[in-house]
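Each remark here refers to the structure printed beneath this line.
The values are calculated or read from the model by the stated rules, or taken from the named source; none is laboratory data. Small disclaimer: the values here were computed from a predicted structure and weren't measured. Virtual Cβ from ideal backbone geometry, glycine too; neighbours counted across all protein chains shown. To get the accessible areas, we keep the full protein, side chains included, count just its heavy atoms, and leave off ligands, DNA and RNA. Shrake-Rupley method; radii C 1.70, N 1.55, O 1.52, S 1.80 Å.
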Amino acid sequence: MHSSVMFTIHGVSASKGIAIGRVHIVDHGQFEVSERSIKPARVKNEIARFHRALRSARNELSAVKDKIPPDTATDVGAFIDTHLLMLEDSALTNAPVKFISEKLCNAEWALKVQRDALVAVFEAMDDPYLRTRKDDIDHVVNRIQRILLKRNKPARGRSANPLSDRIVFADDLTPADTVLMQHQGISAFLTEFGGPNSHTAILARSFRIPAVVGLHSARAYLRDDELVIVDGQRGVIIVDPDRTTIRHFERRRREIDRQTIARKRLRKSPVVTSDGESIVLQANVELPSDMHAAAQVGAAGIGLYRTEYLFMNRKEPPGEEEQYRAYLKMVNALKGAPVTIRTLDLGADKQVDGSRPGAPGSSNPALGLRAVRLCLKEHSLFRPQLRAILRVSARNPVRMMIPMLSNMQELLQVLQLIKECERELKTDGKAFDPNMPVGAMIEVPAAAVCADLFARRLDFLSIGTNDLIQYTIAIDRIDDEVSYLYDPLHPAVLRLIQMTINAGKKVGIPVAMCGEMAGDALYTRLLLGLGLKEFSVHPNALLEVKQAINETHIGDARKLAQRIMRAVRTATRDSLIDEINQPGAA
Ligand code: PEP
Ligand code: MG
């Protein structure tokens, strides 16, 4: 018998909020598939069976797409389109067919062999977005295997709506399943694998559903129907909670709900600290629909527009004209508010033309040929983007931002290329703003240490804490095995942030922060205390950060921030962060 003893399991926070409810375990890990030989005469039938399964998978996904609620903030449809496209891709349609006829084996086995080959390629990748495509392959392949094996659909069960108010636990969830489950009223997600950058995590944040991922050991301890509390903020779950604990979390949940409703009133209010300092609060966007979300929360512009999405899930990179139109659309949606377009930040070993790289990736892809390094090597990739951004600047308030700069040589090369593109545009009779601000992300420790040198050549800086923390503490940001070391309060990180802010101040250029740290209201007062004046955050986090800014007295925050900077022990820093966040403390 399962004894009733309350215990806690730690994972990684993917979406904040509290849920209390019963667990629904979704079982759809890798299917056990074995090899069966078939007679040459059966090959045709086996191929037809495979094609039928592909068709059914497509129909299922199209049906899911039709059910997406129209007001969904993130472009969920795009995720499902990715899976639909994969179902058309020759890697999944032709390769297994060829394998069936050459090796005289069953369709399930042919598909499994192809899946393993594709996954091996993607596993060697570093870029979080592209790495999630490995998960996409598994999701799509599992869907086909389930149909081939005639297994029931995941998440079908006891009653008409078995998922209502349930806390769904799965090894991992497909974006499509996630949309469906959200539609069925689930109250939280828990997954055994996957980091906070997975599509499921992105969706959970977009749907505002509490989610904890990377719960490695949880499968062994959780049972269907068990009562669980999900603390999305801390990334933990409490199994079999006692009454006192339930009451405590119910109170916290009510408080969070109350605050969320109250915050809606802040949409149009100015962003000013209690001692009268105006702060710039902008939004991070990547998909066109994020623009809508950003406008809805009243963002004063876009501090980070990640252009990578435009280059993904396609065979050829977008040309200048297509990029121009896409950027213009984004800028127009903001109705005159400034938009900071970041140049391409694709990773090391993945091909921008969407083809699968033949060679395995470098052994340290995060330290490899990514972002501006790749762009400076592949001018044919970089120039059309530079030209497109310049052209959008002609009549719109656009800023260009360069990611991953690590030395001055790279910056000088970029500035030279921009000059060349300007000359070409002039010759072509195409308009641009010759004074378009050009800035850089400070996300490599070398750049933070030398921020003063960069600041002299640039119009603004923006601190990318996601990468800055990864490189400073030497922890892969997508490896959930080391995520316990991911610490925005590490003195080394705080010193680098402080150095960057000071460097900007000295030269007289603005310094923003656009990494996830800027969007966590836990750190707002600390960052203001360190002198940060510009924040760019996920649209869903914007009002919470705005409230934290409005409630901060910078003079007081400065003193507390210096105490945190001097604190060495984690426990001391944690209690100082609690202290700085007390009402009236700063
Ligand atoms: C960062 O590194 O903090 C950042 C904002 O960029 P990205 O997460 O896209 O690498
Ligand atoms: Mg980055």
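Things worth noting here:
- The residues of the range 300-340 that are part of a loop (DSSP other than H, G, I, E, B), open to solvent by less than 10 Å² (accessible area, probe 1.4 Å) and within 20 Å of ALA78 (Cβ to Cβ) amount to a single one, PRO318.
- When PHE432, PHE460 are screened for being in contact (Cβ under 8 Å) with a residue 40 or more places away in the chain, among the aromatic types (Phe, Trp, Tyr) and open to solvent by 30 Å² or more (accessible area, probe 1.4 Å), only PHE432 passes.
- Counting the residues of the range 277-299 that are in contact with a strand residue (DSSP E or B) (Cβ under 6 Å, 6 or more places away or on another chain), open to solvent by 10 Å² or more (accessible area, probe 1.4 Å) and away from ligand 2 (no atom under 16 Å from the Cβ) gives 4.
- Residue list for the range 504-518, restricted to those being assigned to a helix (DSSP H, G or I) and either modelled with pLDDT under 95 or open to solvent by less than 10 Å² (accessible area, probe 1.4 Å) (or both): GLY504, GLU516, MET517, ALA518
- Single unsatisfied condition, ALA446 versus (1) part of a helix (DSSP H, G or I); (2) crowded, with 17+ Cβ neighbours inside 10 Å; (3) within 16 Å of ligand 2 (Cβ to nearest atom); (4) of a type in the set (A, V, I, L, M): (2)
- Matching helices (runs of 4 or more DSSP H) fully within the range 185-292 where at least 2 residues are at pLDDT 95 or above: 243-263
- For the range 424-443, the set of residues classified as acidic (Asp, Glu), part of a loop (DSSP other than H, G, I, E, B) and away from ligand 2 (no atom under 16 Å from the Cβ) consists of ASP433 only.
- Exactly one residue among THR524, THR500 is away from ligand 1 (no atom under 16 Å from the Cβ), in a helix (DSSP H, G or I) and more than 20 Å from the chain's Cα centre (by Cα), and that residue is THR524.
- Per-region count, the range 172-181, residues within 21 Å of LYS134 (Cα to Cα) and modelled with pLDDT of 70 or more: 5
- Close contacts from the range 364-380, counting a first residue that is within 16 Å of ligand 2 (Cβ to nearest atom) and a second that is part of a helix (DSSP H, G or I) and of a type in the set (Val, Ile, Thr), with Cβ to Cβ under 7 Å and a gap of 6+ residues or different chains, come to VAL372/VAL414.
- Qualifying residue in the range 531-538 (condition: outside any helix (DSSP H, G or I), in contact with a helix residue (DSSP H, G or I) (Cβ under 7 Å, 6 or more places away or on another chain) and farther than 19 Å from ALA299 by Cα): yes
- Per-region count, the range 368-385, residues away from ligand 1 (no atom under 14 Å from the Cβ) and open to solvent by 50 Å² or more (accessible area, probe 1.4 Å): 6
- Scanning the range 84-95 for residues that are surrounded by 14 or more Cβ atoms within 10 Å (Cβ to Cβ) and over 23 Å from VAL64 (Cβ atoms) yields a single hit, ALA95.
- Residue check for ILE473: more than 13 Å from ligand 1 (Cβ to nearest atom) and in contact with a His (Cβ under 7 Å, 6 or more places away or on another chain): yes
- Filter result for the condition that a residue is within 16 Å of ligand 1 (Cβ to nearest atom), touching a Leu at 6+ places or on another chain (Cβ under 8 Å) and either hydrophobic (A, V, I, L, M, F, W, C) or farther than 22 Å from ASP345 by Cα (or both), over PHE460, PHE535: PHE535
- Scanning the range 334-350 for residues that are over 20 Å from the mean Cα position of the chain (by Cα) and either polar (S, T, N, Q) or modelled with pLDDT of 90 or more (or both) yields ALA337, PRO338.
- Test: residue in the range 465-486 that is surrounded by 24 or more Cβ atoms within 10 Å (Cβ to Cβ), of a type in the set (Gly, Ala, Ser) and over 23 Å from LEU576 (Cβ atoms): no
- Evaluating ASN540 against the criteria (1) modelled with pLDDT under 95; (2) within 16 Å of ligand 2 (Cβ to nearest atom) leaves one unmet condition, (2).
- Scanning the range 381-407 for residues that are within 14 Å of ligand 2 (Cβ to nearest atom) and in a helix (DSSP H, G or I) yields a count of 0.
- The set of residues in the range 451-492 being over 22 Å from VAL280 (Cβ atoms), in a helix (DSSP H, G or I) and within 16 Å of ligand 2 (Cβ to nearest atom) consists of ILE469, GLN470, TYR471, THR472, ILE473.
- Answer residue from the range 544-586, given it is open to solvent by 60 Å² or more (accessible area, probe 1.4 Å) and hydrophobic (A, V, I, L, M, F, W, C) and is nearest to GLN233 (Cα to Cα) among those: ALA571
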